[in-house]
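The structure under discussion appears below in the form of structure tokens.
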Amino acid sequence: MTNRDDYRKFSQLLNLIQDLCRPIGGMTYDDIMTDLDCGRKTAERTIKFLGEQFGDALIASDDPTNSKIRRFRLDMPDGLPPTYLHSSEIIALNAATKRIKNEDIRSALQSLEYKLNRMLQYKKSTRELNDLEAMVMSRATTAAPYPYIKTNEKTLNAIQYAIISGTKIWADHKTEHAKSGLRKLCPLGFLYGHTNNYLVAYRDDEPDITRTYILTNLHNVRNTREHFDAKNFDIEKYATQSFGAFHSTNGPYDIQWRADASVADAIKRYVFHPTQKFIPQLDGSVIIKMRADGFYEMSWYLFQWGGKIKPIAPIELVETYNQLLRNIING
């Protein structure tokens, strides 16, 4: 896994990028070697890498006093190309920064986060505006006092590293109804549901079947260092197929709820699902349509509305809702 030396090198690279953005003079290879505490070949490879990343923004010129000396600078007034920025990356940077104990490195990353936020405020695309809530939460200015599922931090960190690096893991999978079984998994992403948090993965011996594993059922996670093909898996696209996290073999389904007239105005504040459509009725009620899966999670959520919103299609959802309701009433 990433060690302290990797963090040090990362911090040095950030400082180098900042130094290269200074408008006057530019940096020589000797300057870069000093910044990175490295040799000439590493400095040359670093400049080549930055050239691949920043393109024409990396400008090379001869030193005015000595044509044998090359100077380099990044011609970016904002410090980084705006097209590179997305709020989710800043959120991830904020979360990662909180985990770093080295004060100097943490301070450097906080400075970078502030600068990226300043740049991002000029981006007005719909997607960035829709990410405002996540941005606010990441800045620790808002609290959400709701129950949440506690997951072992060591397990989360190990799985997150495997997802980012594209490597397989060994994990002890233990459920309430079965003994622990060793699983070799290819982790793809996390899903946070109403009743459980899940790891989305496929088994090493079943690469064509995507499964969900309850995170609290995974223990003793170990990285194999073996790489796998994620097959362009898109966790956001996968998540929109369901209400919550559960995916059945026959889903998603065409879902319909009926909201009572007494909550017709209240529901306008909610995004129940990305595919939702509100269809007002003559009696003041509203039909809510969506394309989703997860009958149990959907039913448990609807109970919170005290009967003001009920499912009407498909019949399997209605039956699940009614059966769970009977279970509650009968104790």
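Of note:
- A 1.4 Å probe run over the protein chains yields, for segment 144-296, 61 Å² of accessible area per residue, whole-number rounding.
- The Cα atoms of segment 229-311 give a gyration tensor whose axes a ≥ b ≥ c have a/c of 1.5 or more with a/b greater than b/c, which makes the shape prolate.
- Global geometry of segment 34-75, whether rounded, prolate or oblate, following the gyration tensor of its Cα atoms and the 1.5 cut on a/c: oblate
- Relative contact order for segment 168-303: 21 percent, from Cα pairs under 8 Å spaced at least 6 residues apart, divided by residue count.
- Neighbourhood charge, 10 Å Cβ-Cβ cut-off, centred on T167 and excluding it, Lys, Arg +1 and Asp, Glu -1: +1
- Sorting the segments 102-108, 31-37 by their residues' average number of neighbouring beta-carbon atoms within 10 angstrom, most packed first, yields 31-37, 102-108.
- Of K154/K237; K9/K184; K268/K310; K277/K308; K9/K101, those spanning more than 21 Å from alpha-carbon to alpha-carbon: K154/K237; K9/K184
- Across the accessible surface of segment 250-297, with the other protein chains kept in place and a 1.4 Å probe, carbon and sulfur atoms take up 51 percent.
- If the Kirkwood radius is taken over C-alpha pairs of segment 149-278, then at 10 °C and 1.306 mPa s the Stokes-Einstein diffusion coefficient equals 97 µm²/s.
The values are calculated or read from the model by the stated rules, or taken from the named source; none is laboratory data. Everything numeric in this text was worked out from a predicted model, so none of it was measured. Counting neighbours? That spans all protein chains shown, and the Cβs are built from the backbone with ideal geometry, glycine included. Keep in mind that these areas ignore ligands, DNA and RNA; they rest on the heavy atoms of the full protein, side chains included. Shrake-Rupley method; radii C 1.70, N 1.55, O 1.52, S 1.80 Å.
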